[in-house]
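*Asks:* First the structure, which I've put down as structure tokens, then a few questions once you've had a look.
Coordinate-derived values only; no laboratory data. Note that the coordinates shown come from a computational prediction; the quantities given were computed from them, not determined experimentally. Cβ: placed from backbone, ideal geometry, glycine included. Neighbour counts: every protein chain shown.
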Amino acid sequence: MSRNLDDIFNECYERIRFGESLESVLRSYPQYRSQLEPLLRTTFDIGRRASFIQPRPEFRHWARVRFESAMQYPQRQQEPVRRETQAASMWLRHGWAVIVSAGIVLMLGVGSTMAASSQAMPTDPLYALKPLTEDVQRAFAVSPDRKAQFETDIANIRAAELQAMADAGNAQEAAKAAQRYDDQFEKAVQAILATEGTEPIVTRPPVATPVTTPTPVTPTPVVTPPVEVPTPVVTSTDNGTAGENAATENTTQSGTATPPAVPVTSENTTPPDTPAVTTGTGEQPTAVTEEQPAVTEEQPATTTSGSTQSSKAQELRDRLNRQKSTVEQSLKDAREKASHQDKSNWQDTIDKVSKKTATRTTSEQSDSSNQTTIQTDNKTVPNTGSDKNRPSSSNRHR
Amino acid sequence: MLSEEYLVQQAINGNQAAFTQLYNQNFDRIHRYIFIKVRDRAQAEDLTQDVFIRALESINTYKWRDLPFAAWLFKIAHNRVIDHVRKQSKEKRAPLEEAYARSVEDPIQMTERDYEVYQLKLALEQLPEAQRDVATLRFIGQLSIAEVAKTLGKSEGTVKALQFNATASLRKALYGKFDV
């Protein structure tokens, strides 16, 4: 019933909307007249009241203007998006500017810090950055020559630091600086040797090495050759105590070691190519080291004068040695100025520097001179091989 | 007179005159519908403009077979009003009487028509939401039963029942008696 009344009411309302009179509509449903009439009159009243709601004329005008503008310029409707895009691009532009500026500031800061750290001394706060700076520079030193040059420069810097600590009388820092100098000296030596490794002198001809040849002990005294025969003969023995002095003396006298032109041993039990050392005292020449010819430090330069790389290597070597001498002198001065208790510390540092660097220099020079000798005199002097039995420079010049 | 469907198709194709004609046909009743639903005139005007701008922006997505154009416009208006009311409800909301009284300096000076509109708003305010939506679209927006049903997503039978009950409630609210 209710649903039917809903439909009837809706039908009557529609008919009134389209112009039919209330009385005409109600006549169609006389049985619902009492129910429909007040409701339909209510809808009339609602419609009448709603018709009073009219937009203000100025609002109607401006709303129309705005709507037509929106139709004529549809791109305006994308304005918020475009505004966001513009804002984003503006931000990006500013963002890039900020990033670039920050990068420049960072580069300047890092560059100035690295430059400042390169001058820093071990007691400076920036000294911790110094190895980093050097590592960066080291990465750019690719070729062996440049690497040797760079490592030598750094070794000189380490030497200057050690010298500065010595001048400042700072024994503790000087000891640390000495250790750093020693490490860098090692690197420099290795780098220099690497440059020489490219030389063709590495191809050594095979030579008979008498070093390991034992000399049998013979009861028969060796016949002493005439003094007119100045050629000393170098023989290797398994022990070198008794005749060492005589052997080295003869070597020193002769100046250069050459193979014996004439075997001087009457009862030569050694292999034919093994030279024998004879002494005027008739002592058994048991202590004969594999004495190299007295090669001075200048010899490699003179013998490899034709090689540019060798001359450069020698130049670097000279720089290292000169700097080492300067450092040693500074350390000695610091030791003199130091108090009695600190003298031992300074002496330790001096010993450390002198011993290690001197040893390396000797071995380096021995190696270099050895190669040089091989290159130049390999026809007359056999390579004695082992570095262990080489005499120290002090022994050689004794 | 051109049919509404033809005008809509022309408007979709970019015919500004067709869209202007649709605008003219629906402007007043959209404004009236919004005016009844919201608190004051300024809000109604802003929302009315917004409805047509949105319709212009999204006309390319409109399909006649889904919804008549008037119903589509009223659906936009309905959603905009709902958003507006929700936004207003989050704020401190004064009763309708106070809002209406504040919008006019002296209610006595209101014209008789304004007062009758005010009474209508009060009566609609007292209805349940479903009845209010149907009554507003049907009696204020002058939509057909089918259009109201599509706008609100209800069946035509439900809309008719809501319409009947809403009318009875409005009569009681407006005249103080219910004689159905």
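*Asks:* Compute the whole-percent fraction of alpha carbon pairs in the stretch A:2-51 spaced more than 15 Å apart. Could you put the intermediate results ahead of the total?
*Replies:* On the way: 473 of 1225 pairs.
Roughly 39 percent, once rounded to a whole number.
*Asks:* With a cap of 16 neighbouring Cβ atoms within 10 Å, and only residues DSSP puts in a loop, list the chymotrypsin sites (Phe, Trp or Tyr not before Pro) found in the stretch A:1-64.
*Replies:* On the way: sites: A:9, A:13, A:18, A:32, A:44, A:52, A:59, A:62; in loops: A:18, A:52.
Listed in order of number, the matching sites are A:18, A:52.
*Asks:* In which sequence would A:154, B:76, B:82 go, from the one with the fewest C-beta neighbours within 10 Å to the one with the most?
*Replies:* Values: A:154 23, B:76 20, B:82 12.
If I rank by nearby Cβ atoms, fewest first, I get B:82, B:76, A:154.
*Asks:* Going by how many other beta carbons lie within 10 Å of each one, how would you line up A:340, B:31, B:84, fewest first? The partial results should precede the final answer.
*Replies:* Values: A:340 6, B:31 26, B:84 19.
The fewest-first ordering by Cβ neighbours comes to A:340, B:84, B:31.
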